[in-house]
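The values are calculated or read from the model by the stated rules, or taken from the named source; none is laboratory data. Just so you know, these numbers come straight off a predicted model, no measurement behind them. Counting neighbours? That spans all protein chains shown, and the Cβs are built from the backbone with ideal geometry, glycine included.
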Amino acid sequence: MTTSDYVLVGDHNLYIGFETNSQWMQIAEIVNHPSYDSNTLDNDIALIRLKTEIQFPSDNKIAPVCLPTAGEMYDSVDATITGWGAQQEGGSTSGTLFEVTVPTMTNTECNTKYGGSITDMICAGIPEGGNLPDSGGPMVVEENGKWKLVGVVSWGYGCARPERPGVYARVTR
């Protein structure tokens, strides 16, 4: 992704054309996390600064997400992830945005699945496996009627494999 690219905001189905609240936004700058480590994938997150402000409609179909309190862990909570990613290994991506709610787990618990390679990330998934959205997609938790961005899809082993939870960059670090 470069500053010559655009991001699409507010679209739910990529196959039905431009939706009412959809907005193409030009990228002004991409800011990578200064402590990103390509070996461990620690801090696998970046900010995309847009050239113009997003127009938030009154119907709330596009709305800003809140950021969590620094240091909050979000272990053992239900989190919602969304994306257009493949819903099975080797499958094609979806044209319709989908969501799934998965339980998060402690890093200790996740390290039993990944042999100690989990550092300061969030892991989530169900033991029997489940859907895996796009890398870079949001992981949100609802608290007191507000949605908080707690993680960003980073990596996983295969696609929705049993006993292989998804791994997310932790936003609170």
Residues of segment 39-71 being in contact with an Asp or Glu (Cβ under 9 Å, 6 or more places away or on another chain), surrounded by 10 or more Cβ atoms within 10 Å (Cβ to Cβ) and free of Cβ contacts under 8 Å to residues at least 24 places away in the same chain, in sequence order, are 49
Residue 36 passes all but one of the listed conditions (1) more than 19 Å from residue 155 (Cβ to Cβ); (2) assigned by TED's automatic domain parsing to the domain that holds residue 20; (3) of a type outside the set (Lys, Arg); (4) surrounded by 13 or more Cβ atoms within 10 Å (Cβ to Cβ); the exception is number (1)
If we ask which residues in segment 97-112 are outside any helix (DSSP H, G or I) and either loosely packed, with under 15 Cβ neighbours inside 10 Å or of a type in the set (S, T, N, Q) (or both), their number turns out to be 5
Note: among 116, 129, 151, 158, just one is part of a loop (DSSP other than H, G, I, E, B) and either surrounded by 15 or more Cβ atoms within 10 Å (Cβ to Cβ) or within 12 Å of the chain's Cα centre (by Cα) (or both), namely 129
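Let's see how each residue does on (1) within 30 Å of residue 22 (Cβ to Cβ); (2) of a type in the set (Val, Ile, Thr):
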site: 68; (1), (2): yes, no
site: 77; (1), (2): no, yes
site: 98; (1), (2): yes, no
site: 103; (1), (2): no, no
site: 116; (1), (2): no, no
site: 147; (1), (2): yes, no
site: 160; (1), (2): yes, no
site: 169; (1), (2): yes, no
